[in-house]
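What follows is one structure encoded as structure tokens, with my remarks underneath.
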């Protein structure tokens, strides 16, 4: 059994319907590595990987990147909160090996 | 009717640049459906009969983060709308206070032709006019925008236009992202503010005391802070690397 933590990120189409851009996924056994499942050419993903996001939760200076693991996942929902881009909370999923 | 939009109302603008008819539709239009988006914050897509769509953000969004409660204070969007109206910049999409399915919150016009700047990534500033960038920079300077990242403003490439969104506690009272609009204005050497924009700032300084802010906002000193920033801008007539 492997435990995964994940966050989904959505955008809106012209009818204001949600479309998933990507799932950010972290394996419990590899806490420093967040994988991104989605269109790797999507500019929003390039932006996140390149620019990073702030640590809203702890209001700490500096940026968080996918290699920051859980801290990165936990802050996606604060960074993307407008509705036009909207992230879920960190969710868990167990997969049988 | 599905597929119609607010666009038919956009011909009628008030002198402030805001659309009075859209405001009235958002306030009183018959809601035909409400759908909560997938996401941490319970934001809703509201469809108004014959008249397009809005994004609804409940006022009382509270979430526990460890031992602290995060209140998003989405009603601050209405303050941003009021400031934008006085300035006459037309940067903040029309929004009203409304109750939807028993919850009080802000209902904001959905802009179907605009996309978050993050969608254009490093091309976003090439897609808007210099004047639009300067107006947005002045606005962000005045409110001391604390979270204007590429997800918190929209670009309409067809109209070369910027729309500012997400005016909540993290934006108005936080200190996270230095506004990308401010840093880009300085990088493009557009920091010298045109005289008509300065006139708008002077008008804001004159009228801001007439704004009816609730007690919490007065305590946070937001009005005094905006006035001080307006005076600084009127004195310096310029936004520089040192002042942002």
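The values are calculated or read from the model by the stated rules, or taken from the named source; none is laboratory data. Predicted, not measured: the structure shown is a model, and the values here were computed from it. Positions of Cβ are backbone-derived with ideal geometry, glycine not excepted, and every protein chain shown enters the neighbour counts.
Observations on the structure shown:
- 1 or more residues away from every other protein chain (no Cβ under 12 Å) and touching a helix residue (DSSP H, G or I) at 6+ places or on another chain (Cβ under 6 Å): qualifying helices (runs of 4 or more DSSP H) within segment B:115-187: B:130-143, B:169-172, B:180-187
- Some residue of segment A:13-30 being touching a helix residue (DSSP H, G or I) at 6+ places or on another chain (Cβ under 8 Å) and at pLDDT below 95: no
- Residue match in segment A:44-67 (condition: within 23 Å of residue B:175 (Cβ to Cβ), touching a strand residue (DSSP E or B) at 6+ places or on another chain (Cβ under 6 Å) and in a loop (DSSP other than H, G, I, E, B)): yes
- If the condition is being part of a strand (DSSP E or B) and more than 7 Å from every other protein chain (Cβ to nearest Cβ), then segment A:78-93 contributes A:91, A:92, A:93.
- Qualifying residue in segment B:82-96 (condition: surrounded by 24 or more Cβ atoms within 10 Å (Cβ to Cβ) and part of a strand (DSSP E or B)): yes
- Subset of segment B:151-175 (residues that are buried (at least 20 other Cβ atoms within 10 Å of the Cβ) and closer than 20 Å to residue A:59 by Cβ): B:151, B:152, B:166, B:167, B:168, B:170, B:171, B:172
- Test: residue in segment A:17-36 that is closer than 19 Å to residue B:110 by Cα and part of a loop (DSSP other than H, G, I, E, B): yes
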